[in-house]
Amino acid sequence: KRWHEEYKVPLDVLVAMWFDVKETGRVNPDGREPRDLFDRTFNNPDVLGGRRPYNFQPPRVLQPDDPTDPQPGWLLAALEVTDAELDMLLPAPRNVPLVLSRPVLGQLFRTARLPRMLGLWMRDFLQLLDLLGVNDLDQLRNFDVLEQVIDAAEWLRGSGFNVHELQALRRKSSNPYVSLTDAEANVRALCEQLAAATSSTVVLETDLTAI
């Protein structure tokens, strides 16, 4: 309920963060745009572009490095992401065909929607997961892990830090977004700032122990 009120997202979208995307729902009286989450995301007429609605029979397959494959365009439109973001979201390995099953589409929906809900760029969101030790995107279906990620994102938003500064602090080295020209001085300064930022909150104190 708190997330529903704070982030202003529909309940079926929130539930899809840890369950498969819902395929049943209210009937739409005007008959055009579907009401259930799966169909209004993946089978919206504007997304389909004239193609038949997807019902997993037969399953669609994403073919790697095939410019004629229509699946990437369909996923880009349905998930409302860029080419670069879709590439970040696709599970490894990337060089083999990917069956677009219900769990796969659910994971893609979850990891596309969460950063937007939390106000993070996709790249920063994935870096935050790395900081928290979430190495498998499917872990987000675990309610405790999801709660940890959301709490961490809320802490980060109010801390004055960005995720790349925390990553540099953990690794004690520069990254493409943070330069530590004097590593010792910069790490010390970041530690002091982090201590000040965490003085009034306990969020992330255990999550970022490695730092």
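The values are calculated or read from the model by the stated rules, or taken from the named source; none is laboratory data. Bear in mind the structure is a predicted one, so any value in this text is a computation, not a measurement. Positions of Cβ are generated from backbone atoms using ideal geometry, with glycine treated the same way; all protein chains shown enter the neighbour counts. Areas reflect the complete protein model, heavy atoms only, side chains present, ligands, DNA and RNA absent. Shrake-Rupley method; radii C 1.70, N 1.55, O 1.52, S 1.80 Å.
Sorting 151, 124 by accessible area puts them as 151, 124; the probe is 1.4 Å, largest comes first, and only protein heavy atoms count. Only protein heavy atoms count here; on that basis, with a 1.4 Å probe, residue 35 has an accessible area of about 90 Å².
Roughly how many Å² of residue 69 are accessible to a 1.4 Å probe, to the nearest 10? The accessible area comes out at roughly 20 Å². Extending 7 Å from the Cα toward the beta-carbon at both residue 55 and residue 77 defines two label points whose distance is 2.0 nm.
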